[in-house]
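Report on the structure given below.
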Amino acid sequence: MIDVTNNYDTLEDLIGDINGVKIFMNYNFWHRAKRIHDMLTDQLIKSLILLFPSEVIIRHIFGDKVKIGNLILDLPPNIVIVPYYVIKTLKEWDLLLHNEKIAEDGVVVVNVNNICDSAEYVYPAYDYIARVFEQHYLANCGIDKLEKLKYSSIRTKLREGIDAASKGKPSVMYKSEAEYLKLSYVELKAKVDFYIGLFKNSSKQTINAYEILRKSKIF
């Protein structure tokens, strides 16, 4: 079981109808989730959008339940919007009916002028960009400072790091998040490709939702 309970103990990362099409999206799309839900609703499609880091999504698909406070989630997705490495794994297990690239995003650090300015960052524990950030930090700042970083930093579970970044703490996030929050940032010269994937044995309504999403301009 993956416990992603945080200090807020809230369910802001779940949007929609429990009986709708289950759409698991990487958490960095939080600022677009309501628009996506409303767009599907306008097409008379009920949906439940769940926003989680990439590692949580892939572990949940392969059997791990997700715990938020007293809520236990065990909801296999119908559609995913995730980094390519997740899609690659799902394809290797022959779980997908269709997939295609839908967006790309950059990795940035905020509230610093240079990546090595701080050894105390706020960054995700379960998302792909944690690996990207640590690799760049090692290459630019050295192994000793990386060890200090791992000891001193705050590793977030969901997106509680948004508040920390907004309050001026050195943080790691996706470029689209920083731009949405109007935060100045330093790019790490790393792009993350996001793919949309449709699982096999999907209903007609799920396929309709998939077609709407992959053709939309929201991403």
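Build a GNM of the chain with springs between Cα atoms under 10 Å: which of A125, A33, A190 gets the top mean-square fluctuation? Answer for the Gaussian network model of the chain: A190.
Distance between the pseudo-spin-label points of K91 and R35 (7 Å out from Cα toward the beta carbon): 2.8 nm. Take the Cβ atoms of K67 and Q43, set R0 to 25 Å, and the FRET efficiency comes out at 0.15. Ligands, DNA and RNA excluded, the heavy atoms of V86 present near 0 Å² of accessible surface to a 1.4 Å solvent probe. I218 sits with roughly 20 Å² accessible to a 1.4 Å probe, with DNA, RNA and ligands left out of the calculation.
Placing a label point 7 Å from the Cα of I212 along the Cα-to-Cβ line, the residues of segment 37-67 whose backbone N sits under 12 Å from it are 37-48.
Largest GNM mean-square fluctuation among M25, M173, M39, using the chain with Cα springs under 10 Å: M39. Dividing the summed helix terms, -39500 (n - 2.57) for each DSSP H run of n ≥ 4, by the number of residues in the chain produces a 222 nm estimate of -10500 deg cm²/dmol to the nearest 500. Surface exposure of the chain, expressed per residue as accessible area with a 1.4 Å probe, stands at 49 Å². Using a 1.4 angstrom probe on heavy atoms only, work out the carbon and sulfur share of the accessible area of the chain in %. For the chain, the apolar C and S fraction of the accessible surface comes to 48 percent.
What separates the Cα centres of segment 14-56 and segment 161-211 is a distance of 13 Å.
The values are calculated or read from the model by the stated rules, or taken from the named source; none is laboratory data. Note that the structure is a prediction, hence the values are computed from the model and not measured. Positions of Cβ are backbone-derived with ideal geometry, glycine not excepted, and every protein chain shown enters the neighbour counts. Keep in mind that these areas ignore ligands, DNA and RNA; they rest on the heavy atoms of the full protein, side chains included. Shrake-Rupley method; radii C 1.70, N 1.55, O 1.52, S 1.80 Å.
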